[in-house]
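The values are calculated or read from the model by the stated rules, or taken from the named source; none is laboratory data. Model, not experiment: these values are computed from the prediction. Ideal geometry is used to build each Cβ from the backbone, glycine not excepted, and the neighbour counts take in all protein chains shown.
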Amino acid sequence: MAQITASLVKELRERTNAGMMECKGALTETDGDIEAAIKFLRERGAIKAAKKADREAKEGVVAAQLAADNTSGVLFEINCETDFVAKNDNFGAFVAELGEAVHSSGAGDLESALAVPKGEGTVDDFVKSKVIELGENLQFRRMARYDLSGAGTVASYIHLGGEVGVLVEVGCENESTASADGFVDLVKDLTMHIAAAEPAGIVRDDVDGSLIEAEREVFRKEMENSGKPENIIEKIVDGKIDKFYSTVCLAEQGFVKDPSTSISDLLAAKGKELGDTLTVRRFARFAVGG
């Protein structure tokens with residue numbers, strides 16, 4: 001039997017991030033063959049990951065990765081079982097490495113992101129292999145990717161250490177506008193506003209109809225015992241729905257820094273200042289477990 005030296009264990013640890021005793025055990029099982037030991041650890045990690053897959057993973061972080069020139073970006077959520085692991089530096093490094101791999105691959109959805117090559121496996125394998133190290137169920141839950149279309153920028157904002165994250169694409173008509181200080185400041189304000197105000201869409205047509213119907217039903221029930229005629233009740237409900245839209249549509253929401261100014265008015269005013277037309281093309285907002 002081959003001698004399992006400290007240097008051999010160290011090399012395996014550096015290549016796999018597995019624990020010292022697990023590396024030593026894998027080398028013992030494979031008679032000191034480091035490549036076979038790596039395969040052994042991967043297979044064992046997959047088994048462990050499968051066993052933990054049914055355990056709830058409600059903690060974690062939302063993170064983002066942007067291109068250096070702000071022409072693309074990804075927002076993603078990684079879940080774990082405990083807040084302790086979510087705040088662990090090892091977990092943080094893992095999330096950053098995963099974000100880099102997914103963003104640079106060009107993957108546009110979760111399914112394709114999980115299939116992205118990573119090391120000698122895939123991103124899915126990378127996530128599962130981390131289970132062996134952290135001892136918790138980990139899930140790459142969701143992601144959004146934006147690639148800039150036309151002039152403008154893709155930006156992100158991460159709030160409360162990763163509890164909430166925002167990805168947004170803001171457009172303009174002139175290429176030079178995207179680098180103007182006023183535009184950059186506006187985009188930063190918009191990402192922070194979206195994080196705080198939780199809009200359900202940019203304009204009314206973007207809001208899920210089931211959400212509106214649910215609110216309409218709540219308002220109707222509130223009016224059932226009012227004694228008012230049905231046609232009057234419907235007019236009152238319509239008015240309440242109109243007011244509800246103003247709280248969930250980004251364009252109609254009052255800006256968090258100045259509630260008397262709507263986001264659409266803010267965009268118009270800043271556009272006039274910069275001599276351009278500014279639009280929020282799309283946004284994604286993730287909250288951990290949301």
Per-region count, segment 256-290, residues aliphatic (A, V, I, L, M) and in a strand (DSSP E or B): 3
Some residue of segment 52-61 being within 22 Å of residue 20 (Cα to Cα), modelled with pLDDT under 85, in a helix (DSSP H, G or I) and not polar (S, T, N, Q): yes
Failed criterion for residue 210 (all others in (1) in contact with a Gly (Cβ under 9 Å, 6 or more places away or on another chain); (2) at negative phi hold): (1)
Tabulated pairs, segment 179-195, first in a helix (DSSP H, G or I), second small (Gly, Ala, Ser), C-beta under 6 angstrom, 6+ apart or interchain: 187/155; 191/155
Qualifying residue in segment 76-92 (condition: free of Cβ contacts under 8 Å to residues at least 40 places away in the same chain and touching a helix residue (DSSP H, G or I) at 6+ places or on another chain (Cβ under 9 Å)): yes
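Given the condition farther than 21 Å from residue 100 by Cα and touching a Ser or Thr at 6+ places or on another chain (Cβ under 9 Å), answer yes or no: does some residue in segment 207-221 qualify?
No.
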Meets criteria (surrounded by fewer than 18 Cβ atoms within 10 Å (Cβ to Cβ), within 13 Å of the chain's Cα centre (by Cα), modelled with pLDDT of 95 or more and among the acidic types (Asp, Glu)) for residue 109: yes
Residues (surrounded by fewer than 18 Cβ atoms within 10 Å (Cβ to Cβ) and outside any helix (DSSP H, G or I)) located in segment 231-254: 254
Among the candidates 239, 201, 289, residue that is in contact with a strand residue (DSSP E or B) (Cβ under 8 Å, 6 or more places away or on another chain) and more than 30 Å from residue 150 (Cα to Cα): 289
